[in-house]
Amino acid sequence: MPSAARVAVIGAGPAGFYASDFLLQAGFEVDVFDTLPTPFGLVRAGVAPDHPKIKRVTRAYERTARHPAFRFFGGVQLGVDVQREQLLERYHALVYAYGTATDNRLGIPGEDLPGSHAATEFVAWYNGHPGHADRDFDLSATRAVVIGNGNVAIDVARMLVLDPDEIAPTDTANHAIEALARAQVQEVVVLGRRGPAQAAFTNPELLELGELKRADVVVDRDEVELDEHSAAWLASDAADQTHRRNVEILWEYAGRPLAGKSHRVVLRFLRSPLAILGSSDEAVTGLRVGVNALEPDGRGGLRAVATGVEEQIDCGLVLRSIGYRGVEVPGVPFDARRGLIRNDGGRVIGDDGERATGEYAVGWIKRGPSGVIGTNKKDAHETVDLIVADRDAGRLGRPEPEVSDAAAVAQWLRERVPHLVSWDGWRTIDAHEQALGEPHSRPRVKLVRVPEMLDVAHGGVLPR
């Protein structure tokens, strides 16, 4: 096998870039594909706009892209523009890194009422993802409920109560800046089905709520009081310092006098949504929730069980933030129950239970939506170690792809996708967005529609 075996990485988010970097270090040639003309995945379309420091991680990805054996092909959708089998004919290995693009559902009555949305859609909307730029969110309600106890839930709550002056200098999409400035939401209730000790917030995200310019944080002392099971769990090795610090922060919020700010973020625990209220032709009017208690689950953790007590929260907007799921791609082995590519440590497992030779997975589509951006680095390293081991053992796949010339592969792609965007094309988009933002002291003004991106990437002259 040639020393410079070629790998196609499908997905240009953090997992894809970390995998690419390790592959390049191991002597592979790497082509990265993405459905959008723009790279960086959730760093661009998922990280909250008021967290610019987190987005600086793209500087490392840009260094990876400068490697002479790296190529970027934007605007190419696996399963539509190119098929898995066609890529297997042209590459020694495929690495699936396209993440988990859709959301989990609550499975309760009223979930599809107007005013009930997935947080994933709301996040994509305010971040300017082209697939959601034309969405319309009614923000006229005075109270919103966010269901979930992770960082995305906190991001969504924070975005709803940020002062317009705090949003204006960010790279929030223009349409969202305007809509959020007009929003009538004054209170956001964040619901968790388990207790404060089990919340999945990171400490910095939770602390940031206490620094909001125009919103108080409200925590009921009774709900942050730990039951005996939670206290024992928190003191055990099953909990970590993040969980313990979260409880300390929540106790501090519970004892903090309200400052009389115009907005509020209310953190509620031990509450499970039972039904979203409203009629079929009206917007959401409320949420019926059940009060929970915690009991050991027999595996060292705690599970929420219903007490039979119910409550109603009046609201006009519900956003569910209960995890992401992957979307099945034609031909790619998929575990529909878990919403992930079926794999063993990163090696893809076919529908027959056997290893799919030359196919691998990294990131959320491999392990599920967990961890922070940096978690994908260790994850990618583990998968690339397997790829290197398979290469050295002669187990990657075909000894040589049927189309072995890199230039021929690029030509084939351009014939199938005339509007293909290269890394230089992305850099043109990037420079254009930054130039639009400069007069307004913003990092960039995002282009939010693919035709606009393509027009800029190709210098105003689209290929025919």
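Take 209-218, 188-197 and order them by the average number of nearby Cβ atoms within 10 Å per residue, most first; the result is 188-197, 209-218. Whole-Hz Karplus values for the stretch 382-387 come out as 4, 5, 5, 4, 5, 4 Hz, taken residue by residue from phi with 6.51 cos²θ - 1.76 cosθ + 1.60 and θ = phi - 60°; glycine and proline positions read x.
For R303, the residues 5 or more places off, or on other chains, whose built amide H falls under 5 Å of its own are E295, D297. Note on R303 and L436: their simple-model spin labels are 4.9 nm apart, each label 7 Å out from Cα toward Cβ.
Beta bridges per DSSP, both residues in the stretch 105-322: antiparallel share near 40 percent.
Report, for the chain, the % of DSSP beta bridges that are antiparallel, rounded to 5. That works out to approximately 40 percent antiparallel. Summary value for the chain: 22 percent relative contact order, contacts being C-alpha pairs under 8 angstrom separated by 6+ residues. The three principal axes of the Cα atoms in the stretch 279-363 give end-to-end lengths of 53, 41, 21 Å, sorted in falling order.
Show me 199-205, 360-366, 117-123 ranked by packing, highest mean number of other Cβ atoms within 10 Å first.
Values: 199-205: 18.4, 360-366: 29.9, 117-123: 22.1.
Top to bottom by mean Cβ count within 10 Å: 360-366, 117-123, 199-205.
Can you pull a Stokes-Einstein diffusion coefficient for the chain at 37 °C (0.692 mPa s), Rh from Kirkwood over Cα pairs, as a whole number of µm²/s?
Values: Rh = 23.7 Å.
Diffusion coefficient, whole number: 138 µm²/s.
Computed with the Debye formula from one identical point scatterer per Cα of the stretch 1-139, without solvent, the log10 of I(q)/I(0) at q = 0.09, 0.15, 0.17, 0.22 Å⁻¹ comes to -0.34, -0.81, -0.96, -1.33. When both the stretch 8-42 and the stretch 294-366 are represented by their alpha-carbon centers, they are found 23 Å apart.
Each peptide in 243-250, 226-233, 270-277 gets a packing score, the mean of other Cβ atoms within 10 Å over its residues, and the list from highest to lowest is 270-277, 243-250, 226-233. Here the simple spin-label model places points 7 Å from the Cα toward Cβ, and for E328 and D344 these points are separated by 2.3 nm.
So for the stretch 105-322, averaging the separation of alpha carbon pairs under 8 Å that are six or more residues apart and normalising by length, what relative contact order in percent results? For the stretch 105-322, the relative contact order is 31 percent. Rounded to the nearest 20 debye, the dipole magnitude of the chain is 680 debye, with +1 charges on Lys and Arg beta carbons, -1 on Asp and Glu beta carbons, and the Cα centre as origin. Here's the picture: charge each Lys and Arg Cβ at +1 and each Asp and Glu Cβ at -1 in the chain, and of I429, H51, S116 the one pushed furthest to the positive end of that dipole is I429. Coupling constants for the stretch 366-375 follow from the phi torsions by the Karplus curve (6.51 cos²θ - 1.76 cosθ + 1.60, θ = phi - 60°), and in residue order they are 8, 10, x, x, 9, x, 10, 4, x, 4 Hz; glycine and proline get x.
Quick check on my link table: of K366/K446; K213/K377; K261/K366; K261/K377; K213/K366, which ones sit more than 32 Å apart, alpha carbon to alpha carbon? Violating the 32 Å limit, Cα to Cα: K213/K377; K261/K366; K261/K377; K213/K366. Taking the charge dipole of the stretch 183-268 about its Cα centre, with +1 at Lys and Arg Cβ atoms and -1 at Asp and Glu Cβ atoms, the residue from A235, N246, Q186 reaching farthest to the positive side is Q186. Averaging over all projection directions, the Cα-based convex hull of the stretch 105-322 occupies 12.4 nm² in the image plane. Approximating the spin labels as points 7 Å out from Cα along Cα→Cβ, the K378-to-R288 distance works out to 4.3 nm. Remark on V266: its backbone amide H falls under 5 Å from those of V188, V189, V190, V218, a criterion applied only to residues 5 or more positions apart or on other chains, H modelled at 1.01 Å from N. Enumerate the calculated ³J(HN,Hα) couplings along the stretch 210-222 in order (Karplus 6.51 cos²θ - 1.76 cosθ + 1.60, θ = phi - 60°), each rounded to whole Hz, writing x wherever the residue is Gly or Pro. These are the phi-based 3J(HN,Hα) values: x, 10, 5, 5, 10, 9, 7, 9, 10, 9, 7, 4, 5 Hz.
Quick note: the coordinates plus some simple rules give every number you see, no bench work behind them. Remember, it's a predicted structure, so these values are computed and weren't measured experimentally. Neighbour counts run over all protein chains shown; Cβ positions are idealised from the backbone, glycine included.
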